[in-house]
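Okay, so here's the structure we're looking at.
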Amino acid sequence: MKKLVQDHKEIFIEQLLELLKIPSISADRQYKEEVKKTALWIKNALNDIGCSTVQLYETEGHPIVYGEIRTADKAPTVLVYGHYDVQPPDPLELWDSPPFEPVIKKTELHPNGAIFARGACDDKGQMFMHLKAIELLMKKNALNCNVKFVIEGEEEVGSDHLEKFITDHKSMLQSDIILISDTGINSIENPAITTGLRGLSYMEVTVTGPNRDLHSGLYGGTVANPINVLCEMIASLHDENKRVNIPGFYDRVVEISETERQKMNENGTDDNSFKNAIGIEAVAGEKGYSILERRSIRPTLDVNGIWGGYTGEGAKTVIASKAHAKISMRLVPDQDWKTISQLFEKHFRSIAPQGVKIDVTTHHGGSAYVTPTDSLAYKAAEKAYHEVFGTIPHAKRDGGSIPIVPMFEKVLGSKTLLMGFGLDSDAIHSPNEHYGIDNFLKGIETLTLFYPYFTTLHQK
Ligand code: BES
Ligand code: MN
Ligand code: MN
């Protein structure tokens, strides 16, 4: 398979570059047509690799693309999920090359080159690996399982319309395993299979003080300044041990056993390379936990954006009427995201001083997910990674979220296997996002092995 992948290298990369040129920014209304264009591109690509059924499903948001390849009724079915939408690329000035004009550049970590573009890793590049792996298997007449594709365009904005779609198409979407490449490995030398994702609860808050902006000389010192108040309120959301200070927040958190913690920490990055990679001199976080634990098995709270008052050039003396912040909480089993959102709101209102009004809205959310390591799918994946990377992949819990994964289990009753190939350094969601050519090619190779291994194990 390695040779076959190598033989198709140029054409696969060329196709991916084409896909990366379409700015499928799901969050921005102005790009609605581009998002649609991307969906149609995926639809064509699914046709080209030999799907018998391909359909574009319109939703109230962005379209969902569905494809299906049937080999035999008795064969197992793999449902591949991925997303073709991307995060907004801003701030544009921090990109070394335009986000939707992909270029291949060599870097220290990627001596064989990496593709720089928004979506290169998250998730166009990783999703596209499945199409190409299936294409190669079809060409070699070696595809012996049924495959279904669900490629959506709203993952980066919370998958709002996917739940209805899967609920409405339960029988069409039945499978033996759901397979996703939208997570990461530690390094090309030390691959991993992701066994967990954190949940998410995303809030927006507004603090309103006086009914208009005020002169800070005439009124300063006499009114609760919404920005000062918001900062104090936010500061109080963590205690001195950097634990989240919301009553009930930890009530349902599953604590991991000491042995399990020890085992997972064997594969943590050392503190110095972690700090150097992101240019900080000290780490922060919940007392009593390692970096790895803080970013995978512990729940957190972070401000994602904060604004209000005068932020233009120079100085303007003003007390703003309003201050705003966007706050996310990453969740772990068994925290329920809706409960956490309610606890947040209740607490946030309760700590407001007199003289301000509080508004709280809940954006999207989702639960955490943990997948078993003793399943057939996991074993097949382990074998495939081992063969391609030359080493047994370790199990790793990731800090990011894919809210549809627990939803799949709830609605469709299927488990998900997370076979990611990205690196933390790929700068997903950041300027200069990229995806290593080796990661892309090795990913395809691993997937071409996974499908037949899974089928064989399944039929034993
Ligand atoms: N692919 C990421 C999630 C991810 C990345 C998980 C790396 C594990 C490792 C996904 O596209 C993403 O960005 N999810 C969002 C949540 C969504 C509701 C906006 C996230 O985690 O912030
Ligand atoms: Mn993603
Ligand atoms: Mn993402």
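So here's what we get for this one:
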| item | result |
| --- | --- |
| Sparse-neighbourhood loop sites, trypsin sites (Lys or Arg not before Pro) in region 43-111 - DSSP loop, at most 14 other Cβ within 10 angstrom | R70, K74, K106 |
| Long-range tail of P(r) for region 382-460 (Cα pairs > 20 Å, %) | 48 |
| Amide proton proximity set for V80, modelled H, under 5 Å, gap of 5+ | K148, F149, V150, L179 |
| Label point at T222 placed 7 Å out along Cα→Cβ; residues across region 306-334 whose backbone nitrogen lies under 19 Å | 317-322 |
| Charge tally in the Cβ shell below 15 Å around S171, where Lys, Arg are +1 and Asp, Glu are -1, S171 excluded | -1 |
| Loop GluC sites (Glu not before Pro), region 68-156 (other Cβ atoms within 10 Å of the site Cβ: 11 or fewer; DSSP) | E108 |
| Overall form of region 144-208 per C-alpha gyration tensor (a/c, 1.5; a/b vs b/c) | oblate |
| J(HN,Hα) series, region 342-355, from Karplus relation 6.51 cos²θ - 1.76 cosθ + 1.60, nearest Hz, glycine and proline x | 5, 4, 4, 4, 4, 5, 4, 5, 5, 9, 6, x, 5, x |
| The chain - share of DSSP beta bridges that are antiparallel (%, nearest 5) | 70 |
| Within-11-Å neighbourhood charge of P88 [Cβ basis; K, R +1; D, E -1] | -3 |
| Full-extension gain in nm, L92 to A277, via 0.36 nm per residue minus C-alpha separation | 64.4 nm |
| Spacing of the two label points (7 Å from each Cα toward its C-beta) at T71 and E387, in nm | 1.2 |
| Difference of contour (0.36 nm per residue) and Cα-Cα distance, M172 to S257 | 26.7 nm |
| Distant-in-sequence amide H partners of T53 (H built 1.01 Å from N, under 5 Å) | E68 |
| Net +/- balance of residues flanking V207 in space, Cβ distance below 12 Å, scoring K and R +1, D and E -1 | 0 |
| Low-density loop cleavage sites - chymotrypsin sites (Phe, Trp or Tyr not before Pro) in region 1-98, where at most 14 other Cβ are within 10 Å (DSSP) | none |
| V318 long-range amide H proximity, modeled H, under 5 Å | S216 |
| Cα gyration tensor category, rounded, prolate or oblate, for region 8-113 with a/c compared to 1.5 | oblate |
| Candidate lysines - alpha carbon under 26 Å from K164, same-chain residues fewer than 8 apart omitted | K32, K36, K37, K43, K124, K148, K338, K410, K415 |
| Kirkwood hydrodynamic radius of the chain, Cα pairs, Å | 23.6 |
| For K32, K322, order by how many other beta-carbon atoms lie within 10 Å, fewest first | K32, K322 |
| Pairwise centroid distance, computed over Cα atoms, of region 383-460 with region 1-20, Å | 18 |
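No value in this document is a laboratory result; all are computed from the given coordinates. This is a predicted model, so every value here is computed, not measured. Glycine gets a Cβ as well: all are built from the backbone with ideal geometry, and neighbour counts include every protein chain shown.
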